[in-house]
Amino acid sequence: MRPSNHGSRSRKTSGESEQPEFWRIPLRCCGRIPLPCLRLVAALLAVLAAGPLYAGGGPENYMLVVNSASASSLTIANHYIALRQIPTSNVMYLEWKGDLHTTDVETFRQKILVPILQTIADRGLTAHIDGILYSSDFPYSIDLKADLKNLHANHKALLDPQVPDFGTLNSLTYYYDLVIRQQPVYSAYQVQTNLYFRPVDATGKQLADTHGFRSWYGWGPNGELLEVGGSRYLVSAILGITAGKGSNTVPEVLRYLERSSKADGSAPNGTIYFSKTADDRSKPRHPWFDPAVSELTNLGVAAEVITTEVPTGKEIAGGMFGSANLLWDQRNNTILPGAIVDDLTSYGGEIKSNTFSQTLLTEFLRAGAAGSSGTAVEPKANYFKFPNPFLYVHYARGCNLVEAHYQSVAAPYQLVIVGDALCQPWAKIPTIEVAGAAAGDTLSGTVTVTPSASGGASEVDRFELYLDGERVASCGTDGQLELDTSNRSDGSHELRVVGIGSGPIETQGRLILPVTFNNHRRTMTFTSSATRVRLGQKIRLQAEAPGAMAIYFYNNGRVLRQVTGGKGELAVNSAALGSGPVTLRAIGLGKGGAASHVLAAPIELIIEAAR
């Protein structure tokens, strides 16, 4: 059940700080972190996420992790930030120079997972971060051998000795708590560890309702939502895989991300196909094809069970197939924007060598799918390691792509999920309006905005106010959102008002308002030598904030340079920023905390890819 009366709470939660400082320098994690510190991180995240925090499920609720050492990762992130309006505070740059396909679980824990969790906590975002998205060029396959030695004997007996000891980047992030505690019980796939999974019985009856995901929700043994306790996760996906013989190119990734970002709420007119053949790869999911088609039909979504490996010459709104090689490029199908296309094969997510003559998930993405998945290592014919057909039912009910996946996979630890995690083609998105503030306003003192909503799948029952990516207030439908700007920095800010539906999927709508605060008469100038440059060219930035003790230049969640005093400049090589749309910011720091600082208006750049 859902917590009661959550829309009417007005008290400040742990995620609503008095002085959000999104410009904070991110903590850098270097070297090995002792195990007690790892446990401390896990404990901190669990404690902060345990209360009634009522996060939503949109761009404000996901942390985008970018490999700062990879041009591909930078470029994909730049475009995704713009397409999905990811807040500045929700972008983390993590330098990864290791192997782009595989690493061991200890390195993953020390160099990737813990720094992410620490950064979320340091920025005060723990209360409303629901998931982690990786841009590209991180190792998608994780060797678990070092942790498996700690697995309890009862669980070791449930391991399949024929299956390699590997998990995946996104799913080990999903199981962050178990990974931090070095308890790989998720690899004993006959143990139910993904309690967000919505089970379906042998008759096709869904035993737990489709539900939106929030990181603070506790899930019980039957998939029920608990008031106290339960298992918690961080949903996760990879935007693109751009390394390896079977990978997508950066232009291919940008193409499918752009078309999927336009699919939200579009209710595609094509058909979702389920392939029912004698192939051993198809058979494991046969019992649920007809029930899924029935439920999709009830939802008004066209769906069909076919007896061939794959349709030919069709408009595909989704597809679930089961064949080693679909020869997709010969089928003359059109994949519609927003579609999830899935194939149960042994090596669909093994992108490195592409020597197995099997259809890879990247082929569907290349053809325009919003998302696909596949196992990174041989999974055998274990259907519970793959999405079941109700993947499309969750999706058609309005969940986003990553929510639909984790609700449909009982044991996702070997599954690579790639694509636009936030895509939601069948969501009915409310329109949000406010009285009391408008884009471009200059605000001072206490600001009161009255939010309202129209449209959507269900009545909006609560609103949240975000300042520069950090949630600062919430109210019910008959309430108002208040913000005291007098203890904030003067200058450029962003307000977001998010309306959240009352139904179990909690569909969001949002209104984004760029505004200026002016309480202390502090000013700042910030200029660039150009607004459009070729990748590799230098950009000269200049900033001046009279009376400031220091100036910081930064790009999303990373500081580019700090200079002492109220005037400074920076020459930055555009290659360090990646190509695409880039936003640069500057802040002048005073001596008296947030109210003594000043934020310059951001500079929007276009960095053109090298020819």
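The values are calculated or read from the model by the stated rules, or taken from the named source; none is laboratory data. Keep in mind the model is a prediction, meaning the values are calculated, not measured. Note: ideal-geometry Cβ built from the backbone for every residue, glycine included; neighbour counts use all protein chains shown. Ligands, DNA and RNA are excluded from the accessible area calculation, which covers all protein heavy atoms including side chains. Shrake-Rupley method; radii C 1.70, N 1.55, O 1.52, S 1.80 Å.
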Report yes if some residue within the range 241-257 is surrounded by fewer than 22 Cβ atoms within 10 Å (Cβ to Cβ), in contact with a strand residue (DSSP E or B) (Cβ under 8 Å, 6 or more places away or on another chain) and basic (Lys, Arg); otherwise report no.
no
Could you list, in sequence order, the residues of the range 313-325 that are in a strand (DSSP E or B) and open to solvent by 70 Å² or more (accessible area, probe 1.4 Å)?
GLU315
Would you say PRO164 is of a type outside the set (Asp, Glu), open to solvent by less than 20 Å² (accessible area, probe 1.4 Å), in contact (Cβ under 8 Å) with a residue 24 or more places away in the chain and within 21 Å of THR103 (Cα to Cα)?
no
Output the residues belonging to the range 290-309 that are surrounded by 19 or more Cβ atoms within 10 Å (Cβ to Cβ), in contact with a helix residue (DSSP H, G or I) (Cβ under 7 Å, 6 or more places away or on another chain) and of a type in the set (A, V, I, L, M, F, W, C).
ALA292, LEU296, VAL301, ALA303
Hits in the range 410-437 (condition: out of contact with any Ser or Thr (no Cβ under 8 Å at 6 or more places or on another chain) and surrounded by fewer than 24 Cβ atoms within 10 Å (Cβ to Cβ))
ALA410, ALA437
Criterion violated by ALA188 - all others in (1) more than 25 Å from HIS286 (Cα to Cα); (2) surrounded by 20 or more Cβ atoms within 10 Å (Cβ to Cβ); (3) touching a helix residue (DSSP H, G or I) at 6+ places or on another chain (Cβ under 6 Å) satisfied
(1)
Filter the range 464-487 down to residues that are open to solvent by 60 Å² or more (accessible area, probe 1.4 Å) and of a type in the set (S, T, N, Q) and give me whichever is modelled with the lowest pLDDT.
THR477
Under 6 Å between Cβ atoms, at least 6 apart or on separate chains: pull out the pairs that start in the range 94-123 with a residue that is touching a residue at least 60 places away in the same chain (Cβ under 8 Å) and end on any residue that is acidic (Asp, Glu).
LEU100/ASP137; VAL105/ASP147
Among GLU309, GLU403, GLU378, the single one that is touching a Pro at 6+ places or on another chain (Cβ under 9 Å) and in contact (Cβ under 8 Å) with a residue 12 or more places away in the chain is GLU378
Considering each of GLY536, GLY578, GLY547 in turn, give the residue that is crowded, with 20+ Cβ neighbours inside 10 Å and outside any strand (DSSP E or B).
GLY578
Would you mind finding the one in GLY56, GLY51, GLY124, GLY131 that is under 15 Å from the mean Cα position of the chain (by Cα) and modelled with pLDDT under 95?
GLY56
Would you point out the residue of the range 326-363, among those that are open to solvent by 40 Å² or more (accessible area, probe 1.4 Å) and at pLDDT below 80, that is nearest to LYS276 (Cα to Cα)?
LEU327
Those residues that are in a helix (DSSP H, G or I), under 24 Å from the mean Cα position of the chain (by Cα) and of a type outside the set (S, T, N, Q), I need them from the range 172-192; list them, please.
LEU172, TYR174, TYR176, ASP177, LEU178, VAL179, ILE180, TYR186
Does the range 220-235 contain at least one residue that is in contact (Cβ under 8 Å) with a residue 12 or more places away in the chain, surrounded by fewer than 19 Cβ atoms within 10 Å (Cβ to Cβ) and among the basic types (Lys, Arg)?
no
Subset of the range 581-607 (residues that are surrounded by 15 or more Cβ atoms within 10 Å (Cβ to Cβ) and within 27 Å of the chain's Cα centre (by Cα)):
VAL582, THR583, LEU584, ARG585, ALA586, PRO602, ILE603, LEU605, ILE607
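Each row is one residue, and each column tells you yes or no for (1) farther than 19 Å from ASP201 by Cβ; (2) assigned to a strand (DSSP E or B); (3) in contact with a helix residue (DSSP H, G or I) (Cβ under 9 Å, 6 or more places away or on another chain); (4) among the hydroxyl-bearing types (Ser, Thr, Tyr).
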residue: GLY368; (1), (2), (3), (4): yes, no, yes, no
residue: SER373; (1), (2), (3), (4): yes, yes, yes, yes
residue: PRO389; (1), (2), (3), (4): no, no, yes, no
residue: GLY398; (1), (2), (3), (4): yes, no, no, no
residue: GLU403; (1), (2), (3), (4): yes, no, yes, no
residue: VAL418; (1), (2), (3), (4): yes, yes, yes, no
residue: LEU422; (1), (2), (3), (4): yes, no, yes, no
Of residues in the range 438-463 being in a loop (DSSP other than H, G, I, E, B) and open to solvent by less than 40 Å² (accessible area, probe 1.4 Å), the one farthest from SER266 (Cα to Cα)
GLY445
If a residue must be touching a helix residue (DSSP H, G or I) at 6+ places or on another chain (Cβ under 8 Å), open to solvent by less than 60 Å² (accessible area, probe 1.4 Å) and farther than 10 Å from PRO337 by Cα, how many such residues does the range 259-276 contain?
2
Can you confirm whether the range 555-563 contains a residue that is closer than 29 Å to ILE429 by Cβ, in contact with a strand residue (DSSP E or B) (Cβ under 6 Å, 6 or more places away or on another chain) and either at pLDDT below 95 or surrounded by fewer than 23 Cβ atoms within 10 Å (Cβ to Cβ) (or both)?
yes
